Amino acid sequence: MKGVLLCGGTGSRLGMLTKITNKHLLPVYSKPMVLHPLHILLDAGIKDILIISGPEHAGHFLRLLGSGKNFNARFMYEIQDEAGGIAQALSIAKDFADNDNIAVILGDNIFEDNFAKDIKNFKTGAKIFLRKINDAKRFGVAEIKDGKVVNIEEKPKNPKTNYAVTGLYLYDAKVFDIIKRLKPSARGELEITDVNNHYIKNNEMGFSIVSGFWSDAGTFDSLFNASKLIMEKEKKTKNAL
């Protein structure tokens, strides 16, 4: 299993905060945002990780994370020249994956849960991680019937459920062939929801429910809430020692 950490995008929802830096380098309490999803991969035992970012601040990621030596891992870097969607960014990882399974995580996703067991037990197909939230319509929303995900709708105005698809995905090597056949959505991007629906149609999609805190940290409110959660978690850990 290899890891892919996606840190592209403009972060426009955060206004002036991202005028001179990448969203994923903003602080979430005591650490840069990107370190939180990075540790999801590292804690699952993944040693080979590809970091994909836009060209403007790629050097900042390299300066922060380096070769991976300080994390007992090996980091590689690629550039997404222009925003084309999550699936388009993921396609850049094909050579890096080299027919291996991959764990993909978005650089602005903050999780409380540990996913080491899910990642280590993954064999084939795809797996997504769902979180029941009040404002699911901001995300891809999963419809579940008889214990299976039967469809994912991207940012629906009237979601059928409150199960949002979080920014952690597990895929086998077929994902790159699926992306190759995708057509751009109405907003001109290759959507990760279309990738996931392809696996669903082929009855190759698994899922788990996220029980702990999750935030995409992509808005002022979610960034604040993520920082508050991490602060509380770190203080509890410090007091327990």
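The values are calculated or read from the model by the stated rules, or taken from the named source; none is laboratory data. Note that the structure is a prediction, hence the values are computed from the model and not measured. FYI the Cβ positions are ideal-geometry reconstructions off the backbone, even for glycines, and counts take in every protein chain you see.
One residue stands out among those in segment 32-68 that are loosely packed, with under 14 Cβ neighbours inside 10 Å and in contact (Cβ under 8 Å) with a residue 60 or more places away in the chain: the one that is nearest to Phe213 (Cα to Cα), which is Asp43. Of all residues being of a type in the set (S, T, N, Q) and more than 18 Å from the chain's Cα centre (by Cα) in segment 190-203, which is surrounded by the most Cβ atoms within 10 Å (Cβ to Cβ)? Just the residue, please. Here the residue is Asn202. Note on segment 161-189: residues that are loosely packed, with under 14 Cβ neighbours inside 10 Å and farther than 24 Å from Ile49 by Cα total 5. Residues that are part of a loop (DSSP other than H, G, I, E, B) and either on the phi < 0 side of the Ramachandran plot or at pLDDT 90 or above (or both) within segment 1-35 comprise Met1, Gly8, Thr10, Lys19, Ile20, Thr21, Asn22, Leu26, Tyr29, Ser30, Met33, Val34, listed in sequence order. Scanning segment 139-154 for residues that are surrounded by 15 or more Cβ atoms within 10 Å (Cβ to Cβ) and either in contact with a Ser or Thr (Cβ under 7 Å, 6 or more places away or on another chain) or of a type outside the set (A, V, I, L, M) (or both) turns up Phe139, Gly140, Val141, Ala142, Glu143, Ile144, Asn151, Ile152, Glu153, Glu154. Within segment 91-117, the set of residues being within 15 Å of the chain's Cα centre (by Cα) and not aliphatic (A, V, I, L, M) comprises Ser91, Gly107, Asp108, Asn109, Phe111, Glu112, Asp113, Asn114, Phe115. The one condition from (1) part of a loop (DSSP other than H, G, I, E, B); (2) closer than 16 Å to Gly8 by Cβ that Asn114 does not meet is (2). Within segment 79-89, the residues that satisfy the criterion of being outside any helix (DSSP H, G or I) and surrounded by 17 or more Cβ atoms within 10 Å (Cβ to Cβ) are Gln80, Gly85.
One line per residue, one yes/no per condition, for (1) in contact with a Cys (Cβ under 6 Å, 6 or more places away or on another chain); (2) modelled with pLDDT of 95 or more:
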position: Glu82; (1), (2): no, no
position: Ala89; (1), (2): no, yes
position: Ile92; (1), (2): no, yes
position: Asp100; (1), (2): no, yes
position: Ala103; (1), (2): no, yes
position: Gly107; (1), (2): yes, yes
position: Ala116; (1), (2): no, yes
position: Asn121; (1), (2): no, yes
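Of the residues making up segment 204-224, one or more are buried (at least 22 other Cβ atoms within 10 Å of the Cβ), in a helix (DSSP H, G or I) and not charged (D, E, K, R). For Lys233, the conditions (1) part of a helix (DSSP H, G or I); (2) loosely packed, with under 14 Cβ neighbours inside 10 Å; (3) not acidic (Asp, Glu) all hold with the exception of (2). Kindly provide the set of residues from segment 90-105 that are assigned to a helix (DSSP H, G or I), more than 12 Å from Tyr169 (Cβ to Cβ) and in contact (Cβ under 8 Å) with a residue 24 or more places away in the chain, ordered by number. The answer is Ser91, Lys94, Phe96, Ala97.
For every residue, the table says whether it meets (1) part of a strand (DSSP E or B); (2) more than 14 Å from Gly206 (Cβ to Cβ).
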site: Asp118; (1), (2): no, no
site: Ile128; (1), (2): yes, no
site: Pro159; (1), (2): no, yes
site: Gly167; (1), (2): yes, yes
site: Ile179; (1), (2): no, yes
site: Ser185; (1), (2): no, yes
